[in-house]
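Student: Quick one: this structure, given as structure tokens, is what I'll be asking you about.
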Amino acid sequence: MAYAEGRIFNDADSHIMETRDWLIAHADPDIRPKLHPLAIGSGGRMVEKAIAHADQRHRDPAAVADAEKNLMLRKGWEALGAFDPDERRRALDLLGFSSQLVFTTFAITHFWGEFDLVRATPEVLYGGTRAHNRAIADFCRGDKRLLGVGFVPLDIPELAEKEIDEAIKLGCAAIHIPSLPPAKKSPSHPDFNGVWARLQDADVPFMLHIGGGGRAIPRAFHNNDRPVTDFLGGGENIRSKDFMTIHVMPEIFLSTMVLDGIFEQFPRLRGGCIEQGAMWIVPWLRRLDISQETFVKSEKYLSLPLKASDYVRRNLRFTPFPHEPVGWIVEQAGPELCMFSSDYPHIEGGRNPLKRFELSTPNLSEAAREKFYATNYADMMGSRAA
């Protein structure tokens, strides 16, 4: 019996738990010496233990049965299919999901962003990007249900365009774009029109994901002279105040894309905002329309054929956290925006995300449930849906 039964379930967020040499093994020879092995700190012992357990499962049917029995209980590297692609296909059988987006956990931090350990030159930045996309495509190859999400930073537009083309050729079904703006330009700057045109023409959506926006809250706010036990999820070190601001950078990014007319210029461009919550979209939709109406006299480009919020409904989709009031979000924002996600095998996905989502949506119609669990995902993925 599968974990999810009785309808189509499309999972908009899952992850690989990378091993130490995962990224380097897929890099070009001249890039490998310039990439650090994945620095997973005290998790290194967990990785070694998990690899040993995976090796045991290859020889011991009883160990396989135990892992399958505890499918939703074991998380991180110990989860079934956390880093082994053959096991992942079996895990997906047991989960019962028809399609699953697959993101990495740690890999991008080693060649991009504020956690970049190598202070990447353009060569390393896009060499790491290429290695990442090869690795994620390789993990998902062989099962059409597993849809790998590539990663492409926008720092150098012409190189970003090249790597988007390459990622799509490799088989990546979506592209994670950082919500932290590249250099000193907005993502709506004409220099990036080639990026959005490529994604639109290839029918490949862009993704925003937690970890792609840097730290929204200044570190000083954590210096409160009080003891804190950090919550380490799948790959992010999260505190309560981080959670309060987790949506800020994607909200700014997507507001810019809407108000600057990118979705009018590229009407078939689609995007997903993943693992950054959805409660915030209820007031955001109203603020977008107010901003458009208020500033159109001084910012003539805000005179768009559609209301700002209508571009969101047409072009974007979002994943609520299972602890959010999903029923209320859908009732307030509309049924076309939210998608189911498991976050497998990250610990913050919980032991029973379906139960939590069901408990928060008691009054939703069957049509709205179908959109949440299946259709909105399929609309976002377009021809790339499994």
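The values are calculated or read from the model by the stated rules, or taken from the named source; none is laboratory data. Remember, it's a predicted structure, so these values are computed and weren't measured experimentally. FYI the Cβ positions are ideal-geometry reconstructions off the backbone, even for glycines, and counts take in every protein chain you see. These area figures cover heavy atoms from the full protein model, side chains too; ligands, DNA and RNA do not enter into them. Shrake-Rupley method; radii C 1.70, N 1.55, O 1.52, S 1.80 Å.
Student: Failed condition for Gly171, given (1) open to solvent by less than 40 Å² (accessible area, probe 1.4 Å); (2) over 17 Å from Arg268 (Cβ atoms); (3) in contact with a strand residue (DSSP E or B) (Cβ under 9 Å, 6 or more places away or on another chain); (4) of a type outside the set (A, V, I, L, M), with all others met?
Tutor: (1)
Student: Here's something else I'd like to know. Just one of the numbered conditions (1) over 26 Å from Leu35 (Cα atoms); (2) out of contact with any Ser or Thr (no Cβ under 7 Å at 6 or more places or on another chain); (3) surrounded by fewer than 21 Cβ atoms within 10 Å (Cβ to Cβ) is not true of Ser186; which one?
Tutor: Ser186 satisfies all of (1) over 26 Å from Leu35 (Cα atoms); (2) out of contact with any Ser or Thr (no Cβ under 7 Å at 6 or more places or on another chain); (3) surrounded by fewer than 21 Cβ atoms within 10 Å (Cβ to Cβ) except (2).
Student: Just need a number here: residues in the stretch 313-325 that are under 19 Å from Ile210 (Cα atoms) and open to solvent by less than 70 Å² (accessible area, probe 1.4 Å).
Tutor: Going through the stretch 313-325 one residue at a time, the tally reaches 8.
Student: Could you go through the stretch 75-98 and let me know if any residue there is of a type in the set (Ser, Thr, Tyr) and closer than 30 Å to Phe192 by Cα.
Tutor: The answer is no; no qualifying residue exists.
Student: Here is a further query. Considering each residue of the stretch 353-373, count those that are in a loop (DSSP other than H, G, I, E, B) and surrounded by 15 or more Cβ atoms within 10 Å (Cβ to Cβ), and give that number.
Tutor: 3
Student: Only one of these is in contact with a helix residue (DSSP H, G or I) (Cβ under 8 Å, 6 or more places away or on another chain) and either under 30 Å from Lys75 (Cβ atoms) or basic (Lys, Arg) (or both): Arg314, Arg219. Name it.
Tutor: Among Arg314, Arg219, only Arg314 is in contact with a helix residue (DSSP H, G or I) (Cβ under 8 Å, 6 or more places away or on another chain) and either under 30 Å from Lys75 (Cβ atoms) or basic (Lys, Arg) (or both).
Student: Within the stretch 179-198, work out how many residues are at pLDDT 95 or above and more than 20 Å from Leu302 (Cβ to Cβ).
Tutor: Of the residues in that region, 5 qualify.
Student: Would you mind stating whether Leu269 is surrounded by fewer than 18 Cβ atoms within 10 Å (Cβ to Cβ) and in a loop (DSSP other than H, G, I, E, B)?
Tutor: no
Student: With respect to Asp310, determine if the residue is in a loop (DSSP other than H, G, I, E, B), out of contact with any Gly (no Cβ under 7 Å at 6 or more places or on another chain) and either free of Cβ contacts under 8 Å to residues at least 60 places away in the same chain or exposed (fewer than 15 other Cβ atoms within 10 Å of the Cβ) (or both).
Tutor: No; evaluated as a whole, the condition is false for this residue.
Student: Hey, among Ser291, Ser303, which residue is surrounded by fewer than 15 Cβ atoms within 10 Å (Cβ to Cβ) and either of a type outside the set (A, V, I, L, M) or under 29 Å from Phe243 (Cβ atoms) (or both)?
Tutor: Ser303
Student: Specify which of the listed residues (Glu331, Glu336) is in a helix (DSSP H, G or I), under 23 Å from Leu254 (Cβ atoms) and of a type in the set (Asp, Glu).
Tutor: Matching residue, one of Glu331, Glu336: Glu331.
Student: Conditions first: (1) modelled with pLDDT of 90 or more; (2) within 18 Å of Gly128 (Cβ to Cβ); (3) open to solvent by 70 Å² or more (accessible area, probe 1.4 Å). Asp201 passes all but one, so which condition is the exception?
Tutor: That leaves (2) as the condition not met.
Student: Looking at the stretch 251-296, which of its residues are within 21 Å of the chain's Cα centre (by Cα), of a type in the set (D, E, K, R) and closer than 19 Å to Gln332 by Cβ?
Tutor: Passing the criteria: only Glu251.
Student: Restricting to the stretch 331-352, what's the tally of residues that are open to solvent by 10 Å² or more (accessible area, probe 1.4 Å) and over 23 Å from Ile16 (Cβ atoms)?
Tutor: Residues that pass the stated criteria total 5.
Student: Find the residue count for the stretch 51-96, including only residues that are open to solvent by 20 Å² or more (accessible area, probe 1.4 Å), in contact with a strand residue (DSSP E or B) (Cβ under 9 Å, 6 or more places away or on another chain), within 19 Å of Phe139 (Cα to Cα) and of a type outside the set (D, E, K, R).
Tutor: Residues in the stretch 51-96 being open to solvent by 20 Å² or more (accessible area, probe 1.4 Å), in contact with a strand residue (DSSP E or B) (Cβ under 9 Å, 6 or more places away or on another chain), within 19 Å of Phe139 (Cα to Cα) and of a type outside the set (D, E, K, R): 1 in total.
Student: (1) in a loop (DSSP other than H, G, I, E, B); (2) in contact (Cβ under 8 Å) with a residue 40 or more places away in the chain; (3) open to solvent by 10 Å² or more (accessible area, probe 1.4 Å): which one isn't true of Ala378, the others all being true?
Tutor: So Ala378 meets the others, but not (1).
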